[in-house]
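Data first, discussion second: the structure below is written as structure tokens.
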Amino acid sequence: MRRAGFDRRAACATIRAGMTIDRLPFAVVGGLREDYVITPDDEVHLRQLGGNAIYAAVGARLWAGPVGVVGRIGLNYPAEWLPIIAARGLDTAGIIRDPQPLDNRTFYAYRTLEERDDLNPAEHFARLGRPLPAALEGYATSTEGQASRDTPGPLGVRPEEMPAAYRRAQGVHLSPFDFYMHYTFPAWLRQQGVGCVTCDPSVRYMQPQFTEDVRHILRHVDAFLPSEMETRGFFAEPLRDLWQAAEAFGALGAPCVVLKLGARGQYVYDTATGRKWHVSAYPARVVDVTGAGDAYCGGFLVGLAQTGDPLEAALRGCVSASLVLEGLGALYALDHPAGELERRIAVVRQAVQRI
């Protein structure tokens, strides 16, 4: 299942020259956001470049490049961010700009590194003795409407809006987004000739009543990567253990299942062989956990598409997540020292446990 390599230097030169790329190796579909974050130690960071599509694309970009980003923004999205994104090797041809303002705000208040609240920003700012920022007035949630079976939300995209250069990609990752998109994109991507499709579900549809819908999604993806919270919310009956959930997703049709467990690492399950691994998290110096799970998925996508090996994919995902954890903002991880990827992957590999 190993696929041909990609000439990163040649592709980057093409971007800098402003030329059109006929085919990108990897792309990510998801959200581009303005993040408003309160960290566990009560630091406040306003209007940060974020969104799960950007974090996932960064996670992929660490191992390949360039990476296409597919998402929708409104007239109010900071125009100065687009050239910054493009300069870091994230192709912006798939970013659709509506001629009207769209709500792309995301608020997170972290109680701990593992627990966060994305509701009631006024309450959290009051707790800090600070007024609610004007930019967050009227904010409700960033995931409203994502469970709709009939139509994508205001920030959603339809398959036919994806640029032609992305449609025969080596791999495409679907970040948490509208159920409608996750239901329609995988089969369409297969028809276009995409080699590897991975999906990180939205908490909004990871519920027992969506079981048959999730079965449809899993039939068309190569890997399914839910969080522990999403996994536990999906099953009506209490789980004996999380390996039971991984096997259940495999029985629903997922060839590979990764349960993201935060600081406890990941459970990786290969349905065809029954192999199981516990991959520990890299011992990162944690500054901000925002986007780490998305970056993991980006690294995993590239690893799975290039090697066909779920364990090798998981190692790359771990390293991508660790670099995002150690700084603020979606692009921080791209400034790693030379040789750092190889050093970290060796550390993570030594700690793998075969179950």
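Which number in (1) in a loop (DSSP other than H, G, I, E, B); (2) crowded, with 21+ Cβ neighbours inside 10 Å marks the one condition that Leu119 misses?
Exception for Leu119: condition (2).
Looking only at residues in segment 152-163 that are outside any loop (DSSP other than H, G, I, E, B) and touching a residue at least 24 places away in the same chain (Cβ under 8 Å), which one is surrounded by the most Cβ atoms within 10 Å (Cβ to Cβ)?
My answer is Pro159.
Cβ-Cβ under 8 Å, sequence separation 6+ or interchain: first residue in segment 329-347 and surrounded by 11 or more Cβ atoms within 10 Å (Cβ to Cβ), partner acidic (Asp, Glu). Which pairs?
Qualifying pairs under 8 Å: Tyr332/Glu326; Ala333/Glu326.
Taking segment 238-281 as the search range and keeping residues that are of a type in the set (D, E, K, R) and at pLDDT below 95, which one is farthest from Phe224 (Cα to Cα)? Steps first, answer last, please.
Going residue by residue through segment 238-281, those that are of a type in the set (D, E, K, R) are 240-241, 247, 260, 264, 270, 275-276.
In the following step, the residues that additionally are at pLDDT below 95 were identified as 240-241.
Details: Arg240: 20, Asp241: 18 Å.
For segment 238-281, the residue satisfying everything is Arg240.
Please verify whether segment 142-149 includes one or more residues that are out of contact with any His (no Cβ under 9 Å at 6 or more places or on another chain) and free of Cβ contacts under 8 Å to residues at least 12 places away in the same chain.
yes
I'm trying to understand the selection: among the residues of segment 79-95, which are loosely packed, with under 15 Cβ neighbours inside 10 Å and modelled with pLDDT of 95 or more?
Listed by number, the residues that qualify are Glu80, Pro83, Ile84, Ala87.
Criterion first (in contact with a helix residue (DSSP H, G or I) (Cβ under 7 Å, 6 or more places away or on another chain) and of a type in the set (Asp, Glu)) does Glu114 satisfy it? Talk me through it step by step, then tell me what you get.
Numbers: in contact with a helix residue (DSSP H, G or I) (Cβ under 7 Å, 6 or more places away or on another chain): yes; of a type in the set (Asp, Glu): yes.
The answer is yes for Glu114.
Any residue at all in segment 51-66 that is in contact with a helix residue (DSSP H, G or I) (Cβ under 9 Å, 6 or more places away or on another chain), modelled with pLDDT of 95 or more and either part of a strand (DSSP E or B) or of a type in the set (S, T, N, Q) (or both)?
yes
Only residues that are touching a strand residue (DSSP E or B) at 6+ places or on another chain (Cβ under 8 Å) and in a helix (DSSP H, G or I): list them for segment 243-259, please.
Of the residues in segment 243-259, the ones touching a strand residue (DSSP E or B) at 6+ places or on another chain (Cβ under 8 Å) are 243, 245-247, 249-250, 254-259.
The answer is Trp243, Ala245, Ala246, Glu247, Phe249, Gly250.
Residues that are within 21 Å of Pro337 (Cα to Cα), in a helix (DSSP H, G or I) and over 15 Å from the mean Cα position of the chain (by Cα): does segment 260-267 have at least one?
No, segment 260-267 contains no residue that is within 21 Å of Pro337 (Cα to Cα), in a helix (DSSP H, G or I) and over 15 Å from the mean Cα position of the chain (by Cα).
Have a look at Arg232, Arg240 and point out the one that is surrounded by fewer than 20 Cβ atoms within 10 Å (Cβ to Cβ), in a loop (DSSP other than H, G, I, E, B) and of a type outside the set (Ser, Thr, Tyr).
Among Arg232, Arg240, only Arg240 is surrounded by fewer than 20 Cβ atoms within 10 Å (Cβ to Cβ), in a loop (DSSP other than H, G, I, E, B) and of a type outside the set (Ser, Thr, Tyr).
Being over 22 Å from Val289 (Cβ atoms), in contact with a Lys or Arg (Cβ under 9 Å, 6 or more places away or on another chain) and either assigned to a strand (DSSP E or B) or among the aromatic types (Phe, Trp, Tyr) (or both) is the filter here; which residues of segment 72-111 pass it?
Across segment 72-111, the qualifying residues are Arg72, Ile73, Tyr77, Ile95, Ile96, Arg97.
To keep it simple, each residue is scored yes or no on (1) crowded, with 24+ Cβ neighbours inside 10 Å; (2) part of a loop (DSSP other than H, G, I, E, B).
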position	(1), (2)
Asp150	no, yes
His173	yes, no
Tyr180	no, no
Val194	no, yes
Ser202	no, yes
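Residues that are surrounded by fewer than 24 Cβ atoms within 10 Å (Cβ to Cβ), in contact (Cβ under 8 Å) with a residue 60 or more places away in the chain and of a type outside the set (Lys, Arg): does segment 294-304 have at least one?
No; the residues of segment 294-304 include none that is surrounded by fewer than 24 Cβ atoms within 10 Å (Cβ to Cβ), in contact (Cβ under 8 Å) with a residue 60 or more places away in the chain and of a type outside the set (Lys, Arg).
Residue check: is Ser175 closer than 27 Å to Ala245 by Cβ and either in contact (Cβ under 8 Å) with a residue 60 or more places away in the chain or over 16 Å from the mean Cα position of the chain (by Cα) (or both)? Steps first, answer last, please.
Details: closer than 27 Å to Ala245 by Cβ: yes; either in contact (Cβ under 8 Å) with a residue 60 or more places away in the chain or over 16 Å from the mean Cα position of the chain (by Cα) (or both): yes.
Yes: the conditions hold for Ser175.
Conditions (1) β-branched (Val, Ile, Thr); (2) closer than 25 Å to Arg61 by Cβ, marked per residue:
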{"position": "Ala263", "(1), (2)": "no, yes"}
{"position": "Tyr269", "(1), (2)": "no, no"}
{"position": "His278", "(1), (2)": "no, no"}
{"position": "Val287", "(1), (2)": "yes, yes"}
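The values are calculated or read from the model by the stated rules, or taken from the named source; none is laboratory data. Computed from a predicted structure; not experimentally measured. With ideal geometry, Cβ positions are generated from the backbone for all residues, glycine too; neighbour counts draw on all protein chains shown.
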